[in-house]
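Presented below is the structure to which this report refers.
The values are calculated or read from the model by the stated rules, or taken from the named source; none is laboratory data. The structure presented is a predicted model; accordingly, all values stated were derived computationally and were not measured. Glycine also receives a Cβ, built like all others from the backbone with ideal geometry; neighbour counts cover every protein chain displayed.
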Amino acid sequence: MKILVGKNYDRVSEMTANIIATKVKEKPDAVLGLATGGTPKGVYKRLIAMYNDKKIDFSKVKTFNLDEYYGLSSNHPQSYAYYMKTNFFDYINIKEENAHIPDGLAQDIDEECHRYEQAIKDCGGIDLQLLGIGHNGHIGFNEPDDALHTSTHLVNLHEKTISANSRFFGKDEEVPRQAITMGIGSIFGADEIVLIASGEDKAEIIAKMINGQLSSKLPASMLQIHKSLTIIIDEPIQKHLY
Ligand code: F6R
């Protein structure tokens, strides 16, 4: 496990975008695992700027998003498909068929989860997985639980996650209660993982994930034993770590 520290959110975003850009330069048909949420927005902005400066080409890149709300169509403004389009995909030259996100309207959930796992395998697996972390230690939507799922599955979201997400929805009742998420095994299968966090409100959970025991009650702790994990944090988090 490698820990890198950037001065602030912008620097964390820049460092992360540079890692992704280096990967795509080395391997133009790289398979990237992508996250949504507030934290990666700065990374996507940097990557778009690099694309505009002709420093990165996404024409052969394939992507797999971690998760999608169950029950939301891809053009619902709060769906993760919509987030990816409006924060990233619409501004780069990725081919639509190469950008994968679980189908939030899938009728047959088991089939959709199986299809998603198979699509990752058919692309040769994920080269680089970008992750954020929830305040309760969730990664993707793998919530703290007595046991963790290995592969893509339907999950009931925790109250804490629902209320954290409610800021994006009009009324609390509109916040989806379920999501389709890659499992811990799907995430672990990535050759390289980069987890990013910014702001002192994430300090406690980062300290626990780095120093705590491996536990399904803190899904991100499992990453401690991944063969290539880089955690990129900012100084407000670092101050609380040591
Ligand atoms: C979203 C995802 C989530 C977020 C996490 C942190 O695709 O995988 O696990 O990374 O909820 O979200 P932010 O960055 O908004 O704090």
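Couple of notes before you dig in:
- Out of 31, 61, 24, one residue alone is surrounded by 14 or more Cβ atoms within 10 Å (Cβ to Cβ), more than 24 Å from residue 185 (Cβ to Cβ) and not basic (Lys, Arg). It is 24.
- Scan of the range 16-52 for residues that are away from the ligand (no atom under 14 Å from the Cβ), aliphatic (A, V, I, L, M) and touching a Ser or Thr at 6+ places or on another chain (Cβ under 8 Å), ordered by number: 19, 31
- Residue within the range 108-121 that is under 28 Å from residue 12 (Cα atoms) and either among the β-branched types (Val, Ile, Thr) or under 19 Å from the mean Cα position of the chain (by Cα) (or both) present: yes
- Number of the exception - residue 115 against (1) in contact with a Ser or Thr (Cβ under 6 Å, 6 or more places away or on another chain); (2) without any contact (Cβ under 8 Å) to a residue 12 or more places away in the chain; (3) not β-branched (Val, Ile, Thr): (1)
- For the range 47-70, residues that are under 20 Å from the mean Cα position of the chain (by Cα), more than 13 Å from residue 24 (Cβ to Cβ) and free of Cβ contacts under 8 Å to residues at least 60 places away in the same chain total 2.
- Test: residue in the range 42-54 that is in a helix (DSSP H, G or I) and of a type in the set (Asp, Glu): no
- Residues that are more than 12 Å from the ligand (Cβ to nearest atom) and within 19 Å of residue 135 (Cβ to Cβ) within the range 164-183 comprise 166, 169, 172, 175, 176, 177, listed in sequence order.
- Single unsatisfied condition, residue 139 versus (1) over 15 Å from residue 68 (Cα atoms); (2) at pLDDT 95 or above; (3) among the aliphatic types (A, V, I, L, M): (1)
- Filter result for residue 235 (more than 19 Å from residue 42 (Cβ to Cβ) and modelled with pLDDT of 95 or more): no
- Residue in the range 199-206 that is more than 14 Å from the ligand (Cβ to nearest atom), modelled with pLDDT of 95 or more and surrounded by 14 or more Cβ atoms within 10 Å (Cβ to Cβ) present: no
- Residue 105 meets the conditions (1) modelled with pLDDT under 95; (2) more than 14 Å from the ligand (Cβ to nearest atom); (3) not acidic (Asp, Glu) in every case but one. The failed one is (1).
- Among the conditions (1) closer than 25 Å to residue 209 by Cβ; (2) without any contact (Cβ under 8 Å) to a residue 40 or more places away in the chain; (3) of a type outside the set (A, V, I, L, M, F, W, C); (4) touching a Lys or Arg at 6+ places or on another chain (Cβ under 9 Å), residue 98 misses just one, which is (1).
- Tally of residues being more than 16 Å from the ligand (Cβ to nearest atom) and buried (at least 20 other Cβ atoms within 10 Å of the Cβ) across the range 118-163: 1
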